[in-house]
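A short worksheet on the structure shown next.
Read the figures in this text as sums done on the coordinates, not as results from a lab. This is a predicted model, so every value here is computed, not measured. Note that each Cβ is placed from the backbone with ideal geometry, even for glycine, and that neighbours are counted across all protein chains shown.
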Amino acid sequence: MTQDRVVPDPLDAYCTQLDHVFHRPTQREALRLYLQGLLLGTERHTTATGIAHTAPGKAGSQHKAAQRLQWFLSESTWNPDELHHARLELMRRGSATAPSADAVLVIDETGDRKYGTHTAHVGRQYLGSLGKVDSGIVSVHVLYDTPQAYFPLQLRPYTPAHHFPRKTNDPAFRTKPQLAVELIEAVRHDWPYRAVVADCLYGRNELFVKSLLTSAIPFVLSLPSSYAWWHEQGQPGGVEDLALRAVPTDWQPFKRTFADGTERVFWRAEVSGGPYGPGRALRLIVVTPDPVKLPHETTEYLITNVRESEKDRSPGRVPVTPAASLEVALLYARRPRIEQAYREVKQHLGWTHCQARSDMALRRHWMICQGFGGASVQDVSLLLEGRR
């Protein structure tokens, strides 16, 4: 690398593969500077001034470098959807990110604090990054997890009801489960997968589950321990009740590997009762580190429509390769691993630190961040730091 080169060679080589999306030299230059600023990281919380390395505040925001990047987001003519499709084509050609039948489609959410009554998609809602209700923006993502890597396929911002004239009755309003259904439908025909994996927000949503069942989409979804149904007196009426009725011989041990490489013994049991079991559309598999106490924070209640064996003829089960309870447990174990690591990557890239108000500017920022979403960002960061 020469001393007068502003953008490191690895980053420039990556951007060259995306240059066809940008029709002007100034746009291509801005892309390189924007990505470089994201990857190098900054403690500042205003993207334009932080990436341009100008002083925060009025003086910094008026600096020509910050103004150029702000224009690149808000007023420039490039299409974020074209950048998105170009990125996915690069993923298709990668050995670790190429389409794989062993991949899973993971539904994930990003919720971060954001203020401003005139900022698109902002509203008081539950933010996962804070663990409470606050003013912010939430987006729903579908990620593609192969045996070697993972990366985001698509996203949809969730727009709170107060942004619409008729609130929740407005035809344009979408709940998060509805957005997730649209995301799955948009990618499932182009990206092969073993199953859709999602947490209890989606597992307990009747519309979401019914949509997947109707389309014969294989899934592994979580339920909260409090999930229950109508039942006669003396009969089990909830998933936790079914788990407590399991006999010791129902529980089977297995090793679960976490993102940091540590291993821990968990127990799994497939239980029947209520709407789950033979002759029903769904199976229920309980996964826990303690089959006696069933701790709430670490016990998972998983439902799936994947058949147990070739002989399984239960109505509603999808005609895909059968999955024993062990595979169901391991499929869902891929979601928490991705959720944690993907959150860290987004924080490093300044996902929520976009200094913009419009929907278009936010989408452009997100699409640029997604270009390095997933585990591959670590490799690029190492290159930029000169460690390779």
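Want the number for GLU297 to ASP19: 0.36 nm per residue separation, take away the alpha-carbon distance, what's left? Before the final figure, lay out the partial values.
Details: separation 278, 0.36 × 278 = 100.08 nm, distance 4.65 nm.
In short, 95.4 nm is gained.
I'd like the FRET efficiency for ALA172 and ALA101, computed as 1/(1 + (r/R0)^6) with the beta carbon distance as r and R0 of 30 Å, rounded to 0.05. Kindly include the intermediate steps, with their values, before the conclusion.
Numbers: r = 36 Å, r/R0 = 1.19.
According to the calculation, E is roughly 0.25.
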- Message: Take VAL133 and ALA186, extend 7 Å from each Cα along the Cα→Cβ direction, and tell me the distance between the two endpoints in nm.
- Response: 2.8
- Working out 0.36 nm times the residue gap between THR249 and GLU206, then minus their Cα-Cα distance, what length gain in nm do you get to one decimal? 12.2 nm
- Item | Mean projected area (nm²) of the alpha-carbon convex hull when segment 126-227 is viewed from all directions | 8.0
- Message: Rg/Rh for segment 191-340 to two decimals, with Rh computed the Kirkwood way over all alpha-carbon pairs.
- Response: 0.94
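Once fully extended, how much extra length lies between SER272 and THR77, figured as 0.36 nm per residue of separation less the alpha-carbon to alpha-carbon distance? Intermediate values should be presented prior to the final figure.
Working: separation 195, 0.36 × 195 = 70.20 nm, distance 5.64 nm.
Stretched fully, the SER272-THR77 segment lengthens by 64.6 nm.
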- Can you give the direction-averaged projected area of the convex hull of the alpha-carbon atoms in segment 209-279, in nm²? 7.0
- Shape call, segment 84-136: gyration tensor on alpha carbons, a/c limit 1.5: prolate
